[in-house]
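For reference, the structure is listed below as structure tokens.
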Number of protein chains: 2
Amino acid sequence: MSASRQVLLAHGNGGRLMRELIDELFARHLGNPQLDTHADAVTLAWPNPELVVTTDGFTVQPLEFPGGDIGSLAVHGTVNDLAVALATPVYLALNVFIEEGFDLDRLDRIVASLARAARECGVRVVAGDTKVVPRGQGGGLYLATTGIGRRARALHLRLDRIAPGDRILVSGPLGDHGIAVLLAREEFGLSGELVSDAAPVLGLTQALAPLPGLRFMRDPTRGGLATVAHEIAHARGVEVRLRESSIPVRPAVRGACEMLGYDPLYLACEGRVVAVVAPQDADAALAAWRALPEGREAAILGRVLEGRPRVVLETELGGERLLDELEDDPLPRIC
Amino acid sequence: MSASRQVLLAHGNGGRLMRELIDELFARHLGNPQLDTHADAVTLAWPNPELVVTTDGFTVQPLEFPGGDIGSLAVHGTVNDLAVALATPVYLALNVFIEEGFDLDRLDRIVASLARAARECGVRVVAGDTKVVPRGQGGGLYLATTGIGRRARALHLRLDRIAPGDRILVSGPLGDHGIAVLLAREEFGLSGELVSDAAPVLGLTQALAPLPGLRFMRDPTRGGLATVAHEIAHARGVEVRLRESSIPVRPAVRGACEMLGYDPLYLACEGRVVAVVAPQDADAALAAWRALPEGREAAILGRVLEGRPRVVLETELGGERLLDELEDDPLPRIC
């Protein structure tokens, strides 16, 4: 690398330092037979009749948090968007925006983590680009990843497959990622035992794929479960009813939410799946998830009804509360 | 849109404002039958045996400059990386990082420009993501685009096809983009008639595709012609000789460079192509380019020789000068 242990503007100029950064840091971790760091574009064999494409930006703060970092999160977030479409991730393109002055050892650590997550998910980074932005214009590190996958089976999951009577399931407790990231911020001065749920959901989504009654899946990231529920309600003009007593939330998440004034229904998860399933397959879906270590705490927590497009929470006390669409941002830079 | 005419943090939170921003601004400009703004991932038919993939980040400052803006530049930059690999652009994935407080009308203008450039290049935006970063952590607007193309012909252009004796051509004058962006910065208080060369190079690259002696093409963006020459010299262990008197540079660019202390050989172009061609095809390549409006000022400006890996400039005065690899960044945020 260079004598300085910080990223300089010159690391982004196309010259010697940029070549060294790419060869000695990025290619060292991410190298694979298909990554040619000297090519403008890469040519890849594609023996499949379809592509599944997704893209995502990552701005999480802090960049490293209990259970993950922006590098592994970028892989998991992108892989999970393919997984809920029942696609198998194959290739990843990576964009890196680095703020001048960023610590090179930290960059190395994050890229190593990204590479490890990619290997674990069976996806290869085949194209990349780095930009360095001047100090005070970058927030440390931002990533953008584009995932290309192939479909495992010819099943199109779409919001418009959802019908009244369908059941809504979640694969595990809500809000772990949001609260873990939040508590990792210095201003809170808190440290809990809480760990982000960030992880690939490929096993969870494939477990439901054989069910004929599977309608739709989504990973409840920004805006959380409540936002997925609103998407369903608006897209289909239906009422979504959630049963508070069935919603899995860890005591530590619930406690942090009460103390800080957040609602776990709106908090981001990065390793959970929300699935909508026809009523006759709901129990089978629940059993399929609970048979997996990452689905042990899965629950059936709601249903779709004919009615006005709205989201209703049946509270533990037997009342009802309308869940609003998210307005203010409770937690910027959570993903 | 919303009552406020600025981007708020809440525009990035996954809730109502984000949905409105995506539906009413991005989807309005970028809408096409394959863009489903409510899907995690999009499924696309792909009746081709290969993919060509490229990815690029954009941080240009100012965001709007004579001859383009960050939106059209993102399309042209990505399309051009596919074009120099002799691929036809088909799909684009778009990531947008917006700084809190960004003017919504300006965002609208830039997305409209991006959409226009995409239509002109025949490429469709099929996936996208937006993030809003807090004020003071964003530099206004950053974009990342991933392009997916199909190969027009089964010809792999690679640096290792280059051999001693080959000629080096450029499709037009150097440095227009770099200087146009630089002069558009407020701190210079200058305004020239100079316009960026940012444009698609698909016509230029396709014009050379039939030549059997075509070895390699690259668009000289960050680091300019000198950096492409260094890549060739290092990758092949050859000497690259450039003839200063043959290098096309507009008088206005030359004047600005002299005044401000820049070397046009290191300045970014965004609509030019550098081609390496076997000697027997060099005249045919030049003629093919000059027959195009965007290649009228093309020139043969150098050659590849056996020797040490270095880049030599034969000066107009009959001397020789070694061109160093770019070290300091002369112009951050140029692309």
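The values are calculated or read from the model by the stated rules, or taken from the named source; none is laboratory data. It should be emphasised that the depicted structure is a prediction, and the values quoted were computed from it without experimental measurement. For neighbour counting, all protein chains shown are included, and Cβ atoms are generated from backbone atoms with ideal geometry for every residue, glycine included. All accessible areas refer to the heavy atoms of the entire protein, side chains included, with ligands and DNA or RNA removed. Shrake-Rupley method; radii C 1.70, N 1.55, O 1.52, S 1.80 Å.
Any residue in the stretch A:28-45 that is out of contact with any strand residue (DSSP E or B) (no Cβ under 7 Å at 6 or more places or on another chain), open to solvent by less than 10 Å² (accessible area, probe 1.4 Å) and assigned by TED's automatic domain parsing to the domain that holds residue A:122?
Within the stretch A:28-45, none of the residues are out of contact with any strand residue (DSSP E or B) (no Cβ under 7 Å at 6 or more places or on another chain), open to solvent by less than 10 Å² (accessible area, probe 1.4 Å) and assigned by TED's automatic domain parsing to the domain that holds residue A:122.
Could you list all residues from the stretch B:1-11 that are open to solvent by 50 Å² or more (accessible area, probe 1.4 Å) and more than 11 Å from chain A (Cβ to nearest Cβ)?
Once the filter is applied, which keeps residues that are open to solvent by 50 Å² or more (accessible area, probe 1.4 Å) and more than 11 Å from chain A (Cβ to nearest Cβ), the stretch B:1-11 yields B:1, B:3, B:5, B:6.
State yes or no: is residue A:69 touching a residue at least 40 places away in the same chain (Cβ under 8 Å) and within 24 Å of residue A:179 (Cα to Cα)?
yes
Are any of the residues in the stretch B:86-100 within 30 Å of residue A:328 (Cα to Cα), among the acidic types (Asp, Glu), outside any loop (DSSP other than H, G, I, E, B) and in contact (Cβ under 8 Å) with a residue 60 or more places away in the chain?
Checked the stretch B:86-100: at least one residue is within 30 Å of residue A:328 (Cα to Cα), among the acidic types (Asp, Glu), outside any loop (DSSP other than H, G, I, E, B) and in contact (Cβ under 8 Å) with a residue 60 or more places away in the chain.
Would you point out which residue out of B:253, B:238, B:228, B:277 is within 20 Å of residue B:217 (Cα to Cα), open to solvent by less than 30 Å² (accessible area, probe 1.4 Å) and under 21 Å from the mean Cα position of the chain (by Cα)?
From the options B:253, B:238, B:228, B:277, the qualifying one is B:228.
Mind telling me which of the residues B:225, B:211, B:286 ends up being in contact with a helix residue (DSSP H, G or I) (Cβ under 8 Å, 6 or more places away or on another chain) and not in a loop (DSSP other than H, G, I, E, B)?
B:225
Looking only at residues that are modelled with pLDDT under 95 and not in a helix (DSSP H, G or I) in the stretch B:151-174, which one is surrounded by the most Cβ atoms within 10 Å (Cβ to Cβ)? Lay out the reasoning, then the answer.
Our first condition is that a residue be modelled with pLDDT under 95; within the stretch B:151-174, this holds for B:151-161.
Those still in the list that are not in a helix (DSSP H, G or I) too: B:151-158.
Working: B:151: 19, B:152: 17, B:153: 9, B:154: 9, B:155: 14, B:156: 11, B:157: 22, B:158: 14.
The extreme case among them is B:157.
So, in the stretch B:34-56, how many residues would count as being closer than 13 Å to residue A:147 by Cα and without any contact (Cβ under 8 Å) to a residue 24 or more places away in the chain?
Qualifying residue count for the region: 2.
Can you give me the number of residues within the stretch B:79-105 that are more than 28 Å from residue B:209 (Cβ to Cβ) and more than 9 Å from every other protein chain (Cβ to nearest Cβ)?
Count: 6.
Testing residue B:14 on (1) assigned to a loop (DSSP other than H, G, I, E, B); (2) open to solvent by 20 Å² or more (accessible area, probe 1.4 Å), one condition comes back false. Which one is that?
Result: residue B:14 passes all but (2).
Given the criterion surrounded by 17 or more Cβ atoms within 10 Å (Cβ to Cβ), away from chain A (no Cβ under 14 Å), in contact with a Phe, Trp or Tyr (Cβ under 8 Å, 6 or more places away or on another chain) and of a type in the set (A, V, I, L, M), identify the matching residue among B:285, B:298.
Details: B:285 fails: in contact with a Phe, Trp or Tyr (Cβ under 8 Å, 6 or more places away or on another chain).
After applying the criteria, what remains is B:298.
Could you please give the count of residues in the stretch A:15-63 that are under 29 Å from residue A:221 (Cα atoms) and either among the hydrophobic types (A, V, I, L, M, F, W, C) or touching a Leu at 6+ places or on another chain (Cβ under 6 Å) (or both)?
Number of matching residues: 9.
Could you check the stretch A:310-329 and list, in sequence order, the residues that are open to solvent by less than 50 Å² (accessible area, probe 1.4 Å) and part of a loop (DSSP other than H, G, I, E, B)?
Within the stretch A:310-329, A:315, A:319, A:323, A:325, A:326, A:329 meet the criteria.
So for the stretch B:107-122 (the condition being open to solvent by 10 Å² or more (accessible area, probe 1.4 Å) and either assigned to a strand (DSSP E or B) or within 12 Å of another protein chain (Cβ to nearest Cβ) (or both)), does at least one residue qualify?
Looking through the stretch B:107-122, none of the residues is open to solvent by 10 Å² or more (accessible area, probe 1.4 Å) and either assigned to a strand (DSSP E or B) or within 12 Å of another protein chain (Cβ to nearest Cβ) (or both).
If I filter the stretch A:12-35 down to residues being within 10 Å of another protein chain (Cβ to nearest Cβ) and of a type in the set (A, V, I, L, M), which single residue comes out as nearest to the chain's Cα centre (by Cα)?
A:18
With the checklist (1) open to solvent by 40 Å² or more (accessible area, probe 1.4 Å); (2) without any contact (Cβ under 8 Å) to a residue 60 or more places away in the chain; (3) not hydrophobic (A, V, I, L, M, F, W, C) in hand, flag the one item residue A:307 doesn't pass.
So the condition that residue A:307 fails would be (2).
Quick check on the stretch A:61-70: of everything there that is more than 14 Å from chain B (Cβ to nearest Cβ) and out of contact with any helix residue (DSSP H, G or I) (no Cβ under 7 Å at 6 or more places or on another chain), which residue is surrounded by the most Cβ atoms within 10 Å (Cβ to Cβ)?
To start, the set of residues in the stretch A:61-70 that are more than 14 Å from chain B (Cβ to nearest Cβ) comprises A:64-69.
So of that shortlist, the ones also out of contact with any helix residue (DSSP H, G or I) (no Cβ under 7 Å at 6 or more places or on another chain) come out as A:64, A:68.
Working: A:64: 16, A:68: 25.
Result: A:68.
Any chance the stretch A:42-60 includes a residue that's more than 7 Å from chain B (Cβ to nearest Cβ), assigned to a helix (DSSP H, G or I) and modelled with pLDDT of 90 or more?
For the stretch A:42-60, residues more than 7 Å from chain B (Cβ to nearest Cβ), assigned to a helix (DSSP H, G or I) and modelled with pLDDT of 90 or more: absent.
Take residue A:269 and tell me if it is assigned to a loop (DSSP other than H, G, I, E, B), in contact with a Lys or Arg (Cβ under 9 Å, 6 or more places away or on another chain) and within 30 Å of residue B:133 (Cβ to Cβ).
In short, no.
Give just the number: which of (1) in contact (Cβ under 8 Å) with a residue 60 or more places away in the chain; (2) outside any strand (DSSP E or B); (3) within 21 Å of the chain's Cα centre (by Cα); (4) within 12 Å of another protein chain (Cβ to nearest Cβ) does residue A:182 not satisfy?
Here residue A:182 meets the rest and fails (4).
Test each condition in (1) out of contact with any Ser or Thr (no Cβ under 9 Å at 6 or more places or on another chain); (2) within 13 Å of another protein chain (Cβ to nearest Cβ); (3) within 23 Å of residue A:8 (Cβ to Cβ); (4) touching a residue at least 40 places away in the same chain (Cβ under 8 Å) for residue B:235 and report the one that comes out false.
It is condition (3) that residue B:235 fails.
Can you work out which of the residues in the stretch A:194-223 that are in contact with a strand residue (DSSP E or B) (Cβ under 6 Å, 6 or more places away or on another chain) and more than 23 Å from residue A:236 (Cβ to Cβ) is surrounded by the most Cβ atoms within 10 Å (Cβ to Cβ)?
Only one residue fits best here, namely A:198.
Here is a check on your reading of the model: is residue A:129 of a type in the set (Asp, Glu), open to solvent by less than 30 Å² (accessible area, probe 1.4 Å) and outside the structural domain of residue A:200 (by TED's automatic domain parsing)?
yes
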